[in-house]
Amino acid sequence: MAAVHPVIAPEARADAVLDVRDLSIDFATPRGPVHALREVNLTVPRGSVVGVVGESGSGKTTLISAAMRLLPDNAELRGGAVLFEGEDVLRMSPQALRNLRGQRISMVFQDPMTALNPVLSIGQQMVDIQYRDRGLGRAAKKRKAAELLRRVGIPDPMQRLGNYPHEFSGGMRQRIAIAMALLGNPELLIADEPTTALDVTMEAQIIHLLRELQQDYQSSILFISHNLGLIAELCDYVVILYAGTVVEQGTVRDVFHRPQHPYTEALLVCDPALLQDVTRELPTIPGDVPDLVNLPRGCIFAERCPRVFERCRAEDPATRWVSAGHAARCHLASPLERS
Amino acid sequence: MTVLLDVKDLRVRFRTLGAIRAKLAGVADPFLDAVLDVSFQLRAGTTFGLVGESGSGKSTLGRAILGLTPIESGTIRFDGMAPMGLSGSALSAYRRNAAMMFQDPVASLSPRLTVKALITEPFVIHGLKDRDLDAEARRLLDMVGLPANFAGRYPHQLSGGQARRVGVARALALEPKLIIADEPTAGLDVSVQGEILNLMARLQRELGLTYLIITHNLAVVRHICDEMAIMYMGRFVECGPTAEIFANPGHPYTHGLLAAQPHPDPDRRRQDVELKGEVPSLARRPSGCEFHTRCPRAKERCSTERPEPREIVPGQTLRCHYPLLDPAA
């Protein structure tokens, strides 16, 4: 039962906050177009956390830039749509986009050191960002900012509003960035590797905070990471991106416990945190990511796949369902027997 | 096995204010200790892991061993000689034997030099004029698994993994005995991370290298280090064989760090965070045990009396009044 549309679950798609459909994006370069995303499908059901996993160059950043339409000038939309609450972001008016960015969709960036303006106090920045709310006075905006700072775990929030970013530690700055992202009550929060710059103990606290906030506000989160441990810890669904294509998606349990794509399997095997026995010879994925200007014929992972066979080099596999809500783009994927 | 590096009671302090400004500001002690009372031995041919959060002093310790940061007190013995206080040709000889692999390979490579110039620069710096630099470049590239035609490339033409290999080649150029690697895998994808660590393991087997690896990635330490130390605010809070520490962490901080590692299994989600808050400022060291402000097991004694290092199990030393493993308890 090969599906035409790879969807997380048909019923979830009906009530999706974000629904990316067959999205293909090229970047024009002197060498020719780079096919950065090809027929990407992804759904963020309301109130859930969806993780996107991919190594560098897999298209994670292009995907989230498309969701907010922050693509650079040399990007060319080849096809597909990014539906946010049913409306296509890629065809929105400038006015609608202004309402979208930072308000209906907000983002937490990787590096908390550069996400905040160093010459303004955080109170000023948190008041400024509420510029849309004309009905609210400055004092009320300050109170709202302080309330959110308290919620993300900043002690003495009213006093600390007067402090500048350099007066906070990295973990505190990331908490402030999260508070700022929540100020507009966004329908979707995009977190782009929010803990990469932090220590593990701080990372654990930020992940814990995101989970609490998600439960309190019933918010929908698109969480980008290359850390499989964090995805397992936080997400409901996971999408595995490889060289611009979604190779597998499903619930975290399905994908982590019964990976159906050889690339997902390889990623899980390579994670040193998952190796039971101590070894000096760590597993790797031999070979390199294919050149996205001259795409290989057939399956994108064929060159590096341990289970490659003739058909893989000739024919690009379709996305197939392996169980309800679990799909893989591989010739070998077939419906699983549910135990 | 012979001891290659023997560090005793090492202390590194930084001045935070100049003498006059400190006097004007009424600061009696304008210093902070980045490394305090650190003693350990590194046996030849083994790998030692230094673990800790940012600001714990692990990079400073690595730099101090190479003489890149002056030490306040303590001794360092390397291969039977005392490199501290050396200068001129003796210091240069020491630095040939102990090399550094810096954090962030792309930033630590000059963007205006080719790979060949980068990996043969150590020969130029050390005045080894008789070397055939082309041949050396080919030999080094081959050693780290890069094709010979990479010699003409510039750093921006390299991927993260390739830049890291160039960093390894540069460190290997003068055939050192010890390599200090500062975060050798930070920023790399998991598959590439494995390649770099396997390369380092192979070179260790082939060349008999000794590694001091500075990292915050505990999953990596578990696989590649024979011994390890956990640093907190400049001190070793726990030190011993890696396998023992992972099996039976003795210090509550070690336990907390291990618990903070995310586990890639959705069925093993943690309900709570064990280590809350963050590392206090080095300028305001807590009294007693420095960890008592965050320690889930802290009792009154911990805030007044500093624990001295104790060997709880043979080979495993830790600083804690109430360790998690106590054969007496």
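All of the numbers you see were taken from the coordinates with simple rules; none came from a lab. Note that the structure is a prediction, hence the values are computed from the model and not measured. Glycine gets a Cβ as well: all are built from the backbone with ideal geometry, and neighbour counts include every protein chain shown.
Among the listed pairs B:Lys58/B:Lys276; A:Lys60/A:Lys141; B:Lys23/B:Lys58; B:Lys129/B:Lys177; A:Lys142/B:Lys276, those whose Cα-Cα separation exceeds 24 Å are A:Lys60/A:Lys141; B:Lys23/B:Lys58; A:Lys142/B:Lys276. In this simple spin-label model, placing a label point 7 Å from the Cα along the Cα-to-Cβ direction at both B:Thr16 and A:Glu303 gives a separation of 5.3 nm.
Structure remark: mean-square fluctuation, Gaussian network model of chain A, C-alpha springs under 10 Å; the largest value among A:Ser169, A:Ser48, A:Ser219 belongs to A:Ser169. Cβ-Cβ distance of A:Asp15 and A:Ala324, R₀ of 25 Å, FRET efficiency by 1/(1 + (r/R0)^6): the value works out to about 0.90. Considering only Cα atoms, the convex hull volume of the stretch B:43-180 works out to 135 Å³ per residue.
Where in the stretch A:151-169 is the amide nitrogen less than 19 Å from a point lying 7 Å along the Cα-to-Cβ axis of A:Tyr217? Those under the cut-off are A:151-155, A:157-158, A:161. From the Kirkwood radius over Cα pairs of chain A, Stokes-Einstein at 4 °C and 1.567 mPa s returns a whole-number translational diffusion coefficient of 61 µm²/s. Long hydrophobic helices in chain B, taken as whole DSSP H segments with a C-alpha length of 30 Å or more on their own axis and mean Kyte-Doolittle hydropathy at least -1.0, are absent.
Beta bridges assigned by DSSP with both partners in the stretch B:171-256 are antiparallel in approximately 55 percent of cases. Quick note on the stretch B:1-124: its Rg to Rh ratio, both from C-alpha atoms and Rh being the Kirkwood radius, is 1.03. For the stretch B:231-321, a simple Cβ point-charge model (Lys and Arg +1, Asp and Glu -1, everything else neutral) yields a dipole of about 320 debye relative to the Cα centre. Remark: the protein assembly as shown carries a charge dipole of roughly 1540 debye about the Cα centre, counting +1 on each Lys and Arg Cβ and -1 on each Asp and Glu Cβ.
Amide H contacts under 5 Å for A:Val52: A:Phe223, A:Ile224, A:Ser225, A:Val239, restricted to partners 5 or more places along the chain or on a different chain, H placed in the peptide plane at 1.01 Å from N.
Sort chain B into rounded, prolate or oblate with this rule: let a ≥ b ≥ c be the square roots of the eigenvalues of the Cα gyration tensor; rounded if a/c is under 1.5, and if a/c is not under 1.5, prolate when a/b is larger than b/c, oblate otherwise. Verdict is prolate for chain B. In this simple spin-label model, placing a label point 7 Å from the Cα along the Cα-to-Cβ direction at both B:Lys276 and A:Arg280 gives a separation of 4.4 nm. Sequence-distant contacts, meaning Cα pairs under 8 Å at least 6 residues apart, place the relative contact order of chain B at 19 percent.
Seen through its C-alpha gyration tensor, with square-root eigenvalues sorted a ≥ b ≥ c, the stretch B:263-329 comes out oblate because a/c lies at 1.5 or above while a/b is not bigger than b/c. For B:Lys299, give me every one of the aspartates and glutamates with a C-alpha distance below 15 angstrom, ignoring sequence neighbours fewer than eight places off in its own chain. Candidates past the 8-residue exclusion: B:Glu290. Here the stretch B:138-153 is scanned for amide nitrogen atoms under 16 Å from the site 7 Å beyond the Cα of B:Arg112 along Cα-to-Cβ, giving none. Here the stretch A:109-187 is treated with +1 on each Lys and Arg Cβ and -1 on each Asp and Glu Cβ, and its dipole about the Cα centre works out to around 300 debye. Could you give the distance between the Cα centres of the stretch B:262-304 and the stretch A:298-339, to the whole Å? Distance between centres, Cα-based: 46 Å. If both residues of a DSSP beta bridge must be in chain A, then about 60% of such bridges are antiparallel.
Look at the dipole of the protein assembly as shown built from charges on Cβ: of A:Ala327, A:Val44, A:Met158, the Cα furthest out on the positive end belongs to A:Met158. Semi-axes of the equivalent ellipsoid of the stretch A:166-227 are 19, 14, 11 Å, computed as sqrt(5λ) over the eigenvalues of the C-alpha gyration tensor in descending order. Shape class of the protein assembly as shown from the Cα gyration tensor (axes a ≥ b ≥ c, square roots of the eigenvalues): oblate, since a/c reaches 1.5 or more and a/b does not exceed b/c.
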